[in-house]
Amino acid sequence: MHSLLPDGSMFIHYKYGFSDIYNEILIMAVPLVLSVVMIILAFKRFYVDKKILDDQVVERNFFLTLISRKFFVDEIYDSLFIRPVLWLSNVFHNLIELKIIDRSVNGIGFLVVRMGNTIRYMQTGHVGFYLFIMVFSIIAILLFNILIF
């Protein structure tokens, strides 16, 4: 089975003479050695020598301020994404939810309550009254059909 793209490792092997196992060991060893060196340097500086920078020293040096404030990534992310989304959500809440959705739902509920209060007076519990309303409605429907059609 042939793949669409050729195997890139064969070009590396021809150019640099690396074997597959040598590449893998090199890719794993270099970051491991660099990490161990940085751990040793940090341990020596902050634990053995107890060299911790003052806030005043950091504030005077631009690069130390930049590094200590994490390159201002949090502030940039907050101003680019968080604040606009919060502003937009407040606008949607105040305009769409409160003025349109809540008013329509509350209006429908108010209409149902008013209709229930109005129709309640028609429910007397007397069968004769219900028969009268039924006959009256049949006559109204017949007149409507005769007059319109």
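Details
- Single residue of region 107-136 satisfying the filter (among the small types (G, A, S) and not in a loop (DSSP other than H, G, I, E, B)) that is nearest to E97 (Cα to Cα): G107
- If the condition is being at pLDDT 95 or above and among the aromatic types (F, W, Y), then region 68-91 contributes Y77, F81, W87.
- Scoring K51 on the criteria (1) at pLDDT 70 or above; (2) surrounded by 10 or more Cβ atoms within 10 Å (Cβ to Cβ); (3) among the charged types (D, E, K, R) leaves a single failure, condition (2).
The values are calculated or read from the model by the stated rules, or taken from the named source; none is laboratory data. Just so we're clear, the structure is a prediction, and the values are computed from it rather than from any experiment. Quick reminder, even Gly has a Cβ in these numbers, built from the backbone with ideal geometry, and neighbours come from all protein chains shown.
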